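The block underneath contains the structure these notes are about, expressed in structure tokens.
The values are calculated or read from the model by the stated rules, or taken from the named source; none is laboratory data. What you see is a predicted model; the values in this text were computed from it and never measured. We place every Cβ from the backbone using ideal geometry, glycine too, and count neighbours over all the protein chains shown. Heavy atoms of the whole protein, side chains included, go into the accessibility calculation; ligands, DNA and RNA do not. Shrake-Rupley method; radii C 1.70, N 1.55, O 1.52, S 1.80 Å.
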Amino acid sequence: GQSLEQPSEVTAVEGAIVQINCTYQTSGFYGLSWYQQHDGGAPTFLSYNALDGLEETGRFSSFLSRSDSYGYLLLQELQMKDSASYFCAVRDRGATNKLIFGTGTLLAVQP
Amino acid sequence: GAVVSQHPSWVICKSGTSVKIECRSLDFQATTMFWYRQFPKQSLMLMATSNEGSKATYEQGVEKDKFLINHASLTLSTLTVTSAHPEDSSFYICSARDLGRDPIRDPNLSSYNEQFFGPGTRLTVL
């Protein structure tokens, strides 16, 4: 099975940089994705790592180390609108290639 | 493009009644759709995988007779919560996979975002 753990809450101030970690135990997966979800809304895709290393998309970067079973999402120049829940997710190699979500991290950005 | 809709966006029903939620891919074909349930301040838990023209695959612990899934066409899947109870109150979210943008089938795709989520349906059972 798949298990992805994240810190439950993170607090940071506007303009700062914050890192949200994701540690996982899986039986094999295609890649690690990150999603953002505002309260009451749908998850929106942020980033994807198929290979080890850093992927940068604007203010967001994501990192994956398969050897360490670890990844993180880095948010720079934090804005108030970044206050949301963030989920890592893996697409497993089973018959349905289902997307399994991590436990989620609630990010609170303070002025 | 790649829009997924859900209907209704919210519903309140009495205990014991059944509720049907629709999930539609508006501008692409989806042979596979997924149904998730999310309780407040928790993660999305996959309930079942819906495949067009075949039976759904349910996750362990999800009652298939209680949560009926039908994937009648390449653009529509429905979830029916039968004999609803207050503990079924939750946020139900569907997602659809775009066949044309699956990076596993086409490694040349530069953007990995082939699973699109609907806006969710908030179910409250009284």
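Restricting to region A:72-110, and then to whatever is touching a Gly at 6+ places or on another chain (Cβ under 9 Å), within 30 Å of B:THR49 (Cα to Cα) and charged (D, E, K, R), can you tell me which residue is modelled with the lowest pLDDT?
Top of the filtered list is A:ARG93.
If I go through region A:1-19 residue by residue, how many of them are part of a strand (DSSP E or B) and open to solvent by 30 Å² or more (accessible area, probe 1.4 Å)?
If we filter region A:1-19 for residues that are part of a strand (DSSP E or B), which is where we start, we get A:3-5, A:9-13, A:18-19.
Those still in the list that are open to solvent by 30 Å² or more (accessible area, probe 1.4 Å) too: A:3, A:5, A:9, A:11, A:13, A:19.
Result for region A:1-19: 6.
Could you give me the residue pairs with C-beta distances under 8 Å whose first residue belongs to region B:27-43 and is within 8 Å of chain A (Cβ to nearest Cβ), whose second residue is open to solvent by 20 Å² or more (accessible area, probe 1.4 Å) and acidic (Asp, Glu) wherever it lies, and which are 6+ apart or on separate chains?
B:THR32/B:GLU52
Hey, among the residues in region A:24-46 that are at the interface with chain B (Cβ under 9 Å from one of its Cβ atoms) and either farther than 13 Å from B:GLN115 by Cβ or not in a strand (DSSP E or B) (or both), which one's modelled with the highest pLDDT?
If we filter region A:24-46 for residues that are at the interface with chain B (Cβ under 9 Å from one of its Cβ atoms), which is where we start, we get A:30-31, A:33, A:35, A:37, A:40-45.
Then keep just the ones that are either farther than 13 Å from B:GLN115 by Cβ or not in a strand (DSSP E or B) (or both); that gives A:37, A:40-43.
Numbers: A:GLN37: 96, A:GLY40: 88, A:GLY41: 92, A:ALA42: 92, A:PRO43: 93.
It comes out as A:GLN37.
Give region B:21-37 a look and list any residue that's open to solvent by 40 Å² or more (accessible area, probe 1.4 Å) and within 11 Å of the chain's Cα centre (by Cα), or say none.
Of region B:21-37, the ones open to solvent by 40 Å² or more (accessible area, probe 1.4 Å) are B:22, B:24, B:26-27, B:29, B:31, B:37.
Residues satisfying the conditions are B:GLU22, B:ARG24, B:ARG37.
State all residues of region B:9-20 that are within 15 Å of the chain's Cα centre (by Cα) and more than 14 Å from chain A (Cβ to nearest Cβ); if no residue qualifies, say none. Lay out the reasoning, then the answer.
Looking only at region B:9-20, we keep the residues that are within 15 Å of the chain's Cα centre (by Cα), and these are B:9-10, B:19-20.
Across region B:9-20, the qualifying residues are B:VAL19, B:LYS20.
How many residues does region A:42-57 contain that are free of Cβ contacts under 8 Å to residues at least 12 places away in the same chain and either open to solvent by 70 Å² or more (accessible area, probe 1.4 Å) or among the hydrophobic types (A, V, I, L, M, F, W, C) (or both)? Outline the logic, then answer.
The initial filter retains those residues of region A:42-57 that are free of Cβ contacts under 8 Å to residues at least 12 places away in the same chain, namely A:42, A:44, A:53-57.
Then drop every residue that is not either open to solvent by 70 Å² or more (accessible area, probe 1.4 Å) or among the hydrophobic types (A, V, I, L, M, F, W, C) (or both), which leaves A:42, A:54-57.
Looking only at that region, the number is 5.
What about A:GLY71, is it buried (at least 22 other Cβ atoms within 10 Å of the Cβ) and either in a strand (DSSP E or B) or within 14 Å of chain B (Cβ to nearest Cβ) (or both)?
Considered against the rule, which asks whether it is buried (at least 22 other Cβ atoms within 10 Å of the Cβ) and either in a strand (DSSP E or B) or within 14 Å of chain B (Cβ to nearest Cβ) (or both), A:GLY71 comes out as yes.
Any idea which of (1) in contact (Cβ under 8 Å) with a residue 40 or more places away in the chain; (2) in contact with a strand residue (DSSP E or B) (Cβ under 7 Å, 6 or more places away or on another chain) is the one A:ASP39 doesn't satisfy?
Of (1) in contact (Cβ under 8 Å) with a residue 40 or more places away in the chain; (2) in contact with a strand residue (DSSP E or B) (Cβ under 7 Å, 6 or more places away or on another chain), only one is false for A:ASP39: (2).
Give the residues of region A:82-111 that are more than 11 Å from every other protein chain (Cβ to nearest Cβ), out of contact with any helix residue (DSSP H, G or I) (no Cβ under 6 Å at 6 or more places or on another chain) and either free of Cβ contacts under 8 Å to residues at least 24 places away in the same chain or among the aliphatic types (A, V, I, L, M) (or both), sorted by residue number.
Passing the criteria: A:ALA84, A:VAL90, A:LEU107, A:ALA108.
So, of the residues in region B:38-55 that are surrounded by 14 or more Cβ atoms within 10 Å (Cβ to Cβ) and of a type in the set (A, V, I, L, M, F, W, C), which turns out to be nearest to A:GLY41 (Cα to Cα)?
Among those residues, the one meeting the criterion is B:LEU44.
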